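Enquirer: Let me give you the structure first, and then I'll get to my questions.
The values are calculated or read from the model by the stated rules, or taken from the named source; none is laboratory data. Computed from a predicted structure; not experimentally measured. So basically every Cβ, Gly included, is an ideal-geometry build from the backbone, and we count neighbours across all protein chains shown. To get the accessible areas, we keep the full protein, side chains included, count just its heavy atoms, and leave off ligands, DNA and RNA. Shrake-Rupley method; radii C 1.70, N 1.55, O 1.52, S 1.80 Å.
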Amino acid sequence: MESKKKLWRGFALFMAVMLIMTYVSRMVYVSRMPRVRWSSPTAASIRHKIVSEGTVEVVNSQAVIGLDGLLVKEVCVAAGDRIEAGTVLYEVDMEDVRAQLDKLEAQEQAWQNQEQAKRRDTATDAVRAQEDYDTTVIELDRKIAEETKKLEELLEDLDTHMFRIPEEDASDEIWIAWADERLRLDREIAEKKRLIEDGQLEKEKILRQADRNIEDARRAQSAAENGLDLGVSGVSQVRDRQERIAFLTELSQNEGKVTAKSAGDVLDVMMQSGMRMGTDAVLRYADDTGSRIFRTVISQEQKGMVHTGDTVRLTFPGSAEETSETIDSIVQENGSYTVTIRLEPGVALGRTEGVMELDTTSEIYDFVVPVRALHNDGSNAVYILEEKEGILGTELSVRSLTVRLLEQNEEYAAVADELMSDDMKIVTDCDQELRNGDTVKEWE
């Protein structure tokens with residue numbers, strides 16, 4: 001009896017130890033399971049926020065042109081300075097201004113005197129040509145009138161002679177004398193007509209030449225009055241000299257100070273004190289009334305989400321200013337895309353850098369999951385949480401499902417597959433690396 005009790009106590013102890021071992025093993029088995037969180041795919045759109053840094057550029061900057069050879073006394077502004085209308089940009093040496101102005105004015109006066117003398121001479125030539133023409137007309141008309149009068153007298157003599165025809169029974173000597181006289185008159189009349197005709201032709205020839213002389217004299221007079229006889233290069237030299245005189249005169253009146261015509265921002269200064277200016281611009285500034293553009297570069301991936309006509313938000317580092325503008329153009333350059341935005345007048349004054357922000361929303365996709373649910377199993381895939389029979393009875397396991405990635409942002413991804421449904425449990429988080437078929441437990 002005592003031995004049976006010992007046997008039962010031993011068996012009970014054995015069963016207790018086995019129960020404890022089983023419990024401990026199950027606890028170890030469960031503790032080693034990956035913990036997962038899940039969510040079901042939802043129908044939603046994908047939102048993107050594109051941020052791209054760029055530059056602000058001036059389209060119509062004002063160039064300040066100096067006077068070639070003029071000595072700079074002081075440069076009063078530097079690149080990046082803000083200027084207002086009337087701000088002194090630079091000063092020139094007044095002694096140099098007066099010396100150049102005196103020299104140019106002397107040259108201009110000498111040229112003016114020469115031109116006045118030339119205009120007087122050409123005017124006199126034109127008057128003389130007209131006088132010669134008038135005198136020639138009077139003289140030729142007088143000669144033609146004299147010959148015409150002689151012709152008329154000969155015609156009267158011929159008429160008289162014809163009335164004095166001899167009697168039929170007059171002697172041969174009388175008839176011969178009458179005929180000889182008629183023949184003489186006929187020859188003289190013909191000669192006078194020829195002389196008058198030649199006189200008319202000579203008059204036309206002489207008057208044509210006289211007309212040409214008058215025209216030439218008047219053309220020379222007009223050219224002298226308008227400076228056309230100088231030629232293209234001569235006219236250019238005179239114009240350049242007169243423009244320099246006007247510029248130097250204005251400088252002299254302003255005491256050698258050159259000022260800004262309008263408010264803006266200095267972009268470049270291409271001169272320094274003590275140098276003599278050349279023919280190029282000495283300073284450029286962005287006129288507030290001019291236009292500015294913002295340019296930035298986006299990637300190939302971003303191009304599909306940015307379109308011409310989209311409204312974007314622009315901010316400018318170092319400034320509280322912000323504005324909404326419209327994209328004017330997108331141009332492909334070397335594998336990327338340059339976005340150009342023409343800014344409204346008065347925007348981004350004094351700014352050289354900016355930041356473009358654009359929020360876009362895609363179409364609504366049937367299946368959207370957190371982007372962290374994606375893993376790469378040779379291609380894009382997600383883990384599906386499913387039930388199965390295991391050691392503990394009904395357990396949870398994961399199955400890898402390959403999907404097509406349609407679109408994604410930093411947080412969500414739109415996926416598609418023929419086997420997907422909106423009641424699937426998609427693993428979104430796990431505290432260990434998962435493999436297809438792993439047994440898991442929910443992460444409380």
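Enquirer: Scanning for something of a type in the set (A, V, I, L, M, F, W, C), over 23 Å from I46 (Cβ atoms) and at pLDDT 85 or above, does segment 412-424 turn up at least one residue?
Expert: no
Enquirer: Another one. Is there any pair with a first residue in segment 197-209 that is under 19 Å from E131 (Cα atoms) and a second that is open to solvent by less than 100 Å² (accessible area, probe 1.4 Å) and assigned to a helix (DSSP H, G or I) whose Cβ atoms are under 6 Å apart and which are 6 or more apart or on different chains, and what are they?
Expert: Listed by first residue and then by second, the contacts come to K203/L140; I206/T136.
Enquirer: Which residues, taken from segment 402-419, are surrounded by fewer than 18 Cβ atoms within 10 Å (Cβ to Cβ) and either outside any strand (DSSP E or B) or of a type in the set (A, V, I, L, M) (or both)?
Expert: Once the filter is applied, which keeps residues that are surrounded by fewer than 18 Cβ atoms within 10 Å (Cβ to Cβ) and either outside any strand (DSSP E or B) or of a type in the set (A, V, I, L, M) (or both), segment 402-419 yields L405, L406, N409, E410, E411, A416, D417, E418, L419.
Enquirer: Ok, one more. Among the numbered criteria (1) touching a residue at least 40 places away in the same chain (Cβ under 8 Å); (2) open to solvent by 40 Å² or more (accessible area, probe 1.4 Å); (3) farther than 20 Å from M94 by Cα, which one does T249 miss?
Expert: (3)
Enquirer: Further, regarding this structure: Got a sec? Which strands (runs of 3 or more DSSP E) wholly within segment 255-319 have at least 1 residues that are among the basic types (K, R) and more than 22 Å from R351 (Cα to Cα)?
Expert: 257-259
Enquirer: Assess whether I65 counts as being within 30 Å of T352 (Cα to Cα) and crowded, with 17+ Cβ neighbours inside 10 Å.
Expert: no
Enquirer: Also, I was wondering about something else. From the list T124, T160, T148, pick out the single residue that is within 30 Å of R218 (Cα to Cα) and either of a type outside the set (G, A, S) or without any contact (Cβ under 8 Å) to a residue 24 or more places away in the chain (or both).
Expert: T124
Enquirer: Follow-up. Checking the structure you have, find out if any residue of segment 359-374 is in a strand (DSSP E or B) and within 15 Å of G54 (Cα to Cα).
Expert: no
Enquirer: Could you grab me the full set of residues in segment 354-370 that are surrounded by fewer than 16 Cβ atoms within 10 Å (Cβ to Cβ) and under 46 Å from the mean Cα position of the chain (by Cα)?
Expert: E357, D359, T361, E363, I364
Enquirer: So if I check each of T394, T352, T402, which one is farther than 30 Å from L434 by Cα and among the hydroxyl-bearing types (S, T, Y)?
Expert: T352
Enquirer: Condition first: in a strand (DSSP E or B) and either open to solvent by 60 Å² or more (accessible area, probe 1.4 Å) or modelled with pLDDT under 90 (or both). Now tell me which residues in segment 337-351 satisfy that.
Expert: Passing the criteria: only R342.
Enquirer: Against the definition (within 30 Å of L101 (Cβ to Cβ) and in contact (Cβ under 8 Å) with a residue 12 or more places away in the chain), how does R276 come out, yes or no?
Expert: yes
Enquirer: Of the conditions (1) within 30 Å of R239 (Cβ to Cβ); (2) modelled with pLDDT of 80 or more; (3) assigned to a helix (DSSP H, G or I), E115 satisfies every one except a single condition; which number is it?
Expert: (2)
Enquirer: Please find, within segment 420-444, the residue that is surrounded by the most Cβ atoms within 10 Å (Cβ to Cβ) out of those that are part of a strand (DSSP E or B) and of a type in the set (S, T, N, Q).
Expert: So, considering only residues that are part of a strand (DSSP E or B) and of a type in the set (S, T, N, Q), the one surrounded by the most Cβ atoms within 10 Å (Cβ to Cβ) is T428.
Enquirer: Do any residues in segment 289-307 that are of a type in the set (V, I, T) and at pLDDT 80 or above have Cβ atoms under 8 Å from those of residues that are part of a loop (DSSP other than H, G, I, E, B) and crowded, with 17+ Cβ neighbours inside 10 Å, where the two are at least six apart or on different chains, and which pairs are they?
Expert: Pairs that qualify, where the first residue is of a type in the set (V, I, T) and at pLDDT 80 or above and the partner is part of a loop (DSSP other than H, G, I, E, B) and crowded, with 17+ Cβ neighbours inside 10 Å, are I293/L343; I298/V306; V306/I327.
Enquirer: What are the residue pairs meeting all of these: first residue in segment 70-95, first residue assigned to a helix (DSSP H, G or I), second residue open to solvent by 40 Å² or more (accessible area, probe 1.4 Å) and acidic (D, E), Cβ atoms under 8 Å, and 6 or more apart or on different chains?
Expert: Once the first residue is assigned to a helix (DSSP H, G or I) and sits in segment 70-95, its partners that are open to solvent by 40 Å² or more (accessible area, probe 1.4 Å) and acidic (D, E) give M94/E255.
Enquirer: Can you name every residue in segment 127-141 that is free of Cβ contacts under 8 Å to residues at least 24 places away in the same chain and either more than 16 Å from A210 (Cβ to Cβ) or of a type in the set (S, T, N, Q) (or both)?
Expert: T135
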